[in-house]
Amino acid sequence: MSDTIALTFDDGPDPAGTPAVLDALARAEVTATFFVLTARANVMPRTIDRLLAAGHEVELHGHRHLRHTHVSRRRIELDTNAALETLDLLGVPRPSRWRTPWGAYARWTAELAAERRLELIGWDLDSEDWAGPTADAMLARLRPELRAGATVLLHDGVGPGACRTSCAQTAALVEPLAAAIRDAGCEPATLGRLCSSRPARTAPEPVPVAAA
Ligand SMILES: [Zn+2]
């Protein structure tokens, strides 16, 4: 059984939030997964370089932060194409995972993901950092929920609807959260590491089909 807990960050890069989170991850000796907004990444190429150089994973959130259930399939297709093209131009390895904005799925989202060979990713534990709680309050709420195989949702950028103006409390949460995960007998890591440490799925037994 996996003893890994994945730390994932959405809505970056952010000029202040991402460097602060990266500093905290470095101090905690943790690598994590970042679901980026490529319209932001496009103007912060050095931050993307820093993410990659430190061994973090860069995956897809969107080019812009669009809610799939509120816009057309065509608009998300164009947004996703722009995002993948931007990541390519920034030298990011082709993403294999997609966390859609707000985790919202339209009826066609899975089809778009499959066409682009992107695995849709949700989360198990929500820090709700976007709502503005202190690092202490988030840690107190998350600590009892920490369990092997879980994916934690955090934000290194301020997204639409956030009730805060900086990601300072998220950055402050990183080190104590990593310590709490280790206290729970697990290791904080990327989603790639979490997935690779999962036991291989066994194929289901074929179901005999009765002759008609
Ligand atoms: Zn988001």
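At a glance:
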{"quantity": "The range 107-114 - phi-based ³J(HN,Hα) in whole Hz, Karplus 6.51/-1.76/1.60, Gly and Pro as x", "calculated": "5, 9, 4, 4, 5, 4, 5, 5"}
{"quantity": "Selected from Ala82, Gly12, Ala137, residue furthest toward positive end of dipole (the chain; charges at beta carbon)", "calculated": "Ala82"}
{"quantity": "Net +/- balance of residues flanking Cys167 in space, Cβ distance below 9 Å, scoring K and R +1, D and E -1", "calculated": "-3"}
{"quantity": "Extension gain from Arg50 to Ala82, taking 0.36 nm per residue of separation minus the Cα-Cα distance", "calculated": "9.3 nm"}
{"quantity": "Label-point separation, Asp183 to Arg74 (7 Å along Cα→Cβ), nm", "calculated": "5.4"}
{"quantity": "GNM top mover of Arg116, Arg75, Arg143 - the chain, alpha-carbon springs below 10 Å", "calculated": "Arg75"}
{"quantity": "Point-charge dipole on Cβ atoms (K/R +1, D/E -1) for the chain, about Cα centre, debye to 20", "calculated": "480"}
{"quantity": "Scaled radius of gyration (Cα, divided by 2.2 N^0.38 Å) that the range 74-138 gives", "calculated": "1.37"}
{"quantity": "Label-point separation in nm, Ala162 to Arg27, each point 7 Å along Cα→Cβ", "calculated": "1.9"}
{"quantity": "Hull shadow area, averaged, the range 4-196 [alpha-carbon convex hull, nm²]", "calculated": "9.8"}
{"quantity": "Computed [θ] at 222 nm, helices only, for the chain once each DSSP H run of length n ≥ 4 contributes -39500 (n - 2.57)", "calculated": "-11000 deg cm²/dmol"}
{"quantity": "Size of the range 1-104 as Cα extents on the principal axes (Å, biggest first)", "calculated": "42, 35, 23"}
{"quantity": "Estimated distance in nm for a label pair at Arg107 and Thr134, the labels positioned 7 Å out from Cα along Cα-to-Cβ", "calculated": "4.8"}
{"quantity": "Set of the range 93-111 residues, backbone N closer than 20 Å to the point 7 Å along the Cα-Cβ line of Glu119", "calculated": "93-105, 109-111"}
{"quantity": "By average C-beta atoms within 10 angstrom, highest first, the peptides 145-152, 17-24", "calculated": "17-24, 145-152"}
{"quantity": "Calculated from backbone phi, Karplus (6.51, -1.76, 1.60) coupling profile of the range 4-9 in Hz, x at Gly/Pro", "calculated": "9, 10, 8, 9, 10, 10"}
{"quantity": "Neighbour-limited loop hits for GluC sites (Glu not before Pro), the range 28-84 (at most 11 other Cβ within 10 Å; DSSP other than H, G, I, E, B)", "calculated": "Glu29"}
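Every number here is computed from the coordinates shown, using simple stated rules; none is lab data. Just so you know, these numbers come straight off a predicted model, no measurement behind them. Cβ: placed from backbone, ideal geometry, glycine included. Neighbour counts: every protein chain shown.
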